[in-house]
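Here's the structure, in structure tokens; my notes come after.
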Amino acid sequence: MSEERLERMRSLADAILDRKGEDLVALDVREVSSFTDGFLLASGTSDRHVRTLADAVVERARELGDRPLGIEGYDEGRWVLIDLGDLVVHLFQCEVREHYDLERLWSDAARVAVGE
């Protein structure tokens with residue numbers, strides 16, 4: 001992953017952590033995906049918290065000159081997906097994250113060190 005993309009991923013991860021996002025995981029999916037280069041996954045404690053995390057990601061992305069291509073699930077706040085093209089951010093309530101278990105589904109992807 002290029003240093004520029006890695007720094008962008010770290011900046012978005014910091015925005016999530018600044019808003020108390022939990023269990024942050026970053027994955028480099030270039031070798032196992034044709035539609036994006038990376039995933040950021042994190043959990044929030046409630047629908048309001050998940051939406052707050054999503055707002056922080058969108059705000060930071062805009063500061064970095066990015067515009068989301070799409071945002072899904074924001075109104076419900078159980079699983080918010082933010083498509084930034086080469087990076088997809090997944091923000092979950094804990095029970096939804098456990099149910100879909102994306103870390104297991106994408107277990108062939110390399111983990112990337114970001115955040116704390």
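Scan the stretch 64-94 for residues that are over 15 Å from Leu40 (Cβ atoms) and in contact (Cβ under 8 Å) with a residue 40 or more places away in the chain and the total you get is 2. The set of residues in the stretch 8-58 being of a type in the set (S, T, N, Q) and closer than 10 Å to Phe92 by Cα consists of Ser43, Thr45, Ser46. The set of residues in the stretch 64-96 that are aliphatic (A, V, I, L, M) and farther than 16 Å from Arg19 by Cα comprises Leu64, Leu69, Ile71, Leu81, Ile82, Leu84, Leu87, Val88, Val96. Being at pLDDT below 95 and farther than 15 Å from Trp79 by Cβ is the requirement here; does Leu27 meet it? Yes, satisfied. Screening the candidates Arg97, Arg19, Arg48 for the property of being touching a residue at least 24 places away in the same chain (Cβ under 8 Å) and touching a strand residue (DSSP E or B) at 6+ places or on another chain (Cβ under 7 Å) yields one hit, Arg97. Applying the criterion of at least 1 residues that are exposed (fewer than 13 other Cβ atoms within 10 Å of the Cβ) to the strands (runs of 3 or more DSSP E) found wholly in the stretch 16-116 leaves 22-28, 70-72, 110-112.
The values are calculated or read from the model by the stated rules, or taken from the named source; none is laboratory data. Being a predicted model, the structure only gives us computed values, none of them experimental. Positions of Cβ are backbone-derived with ideal geometry, glycine not excepted, and every protein chain shown enters the neighbour counts.
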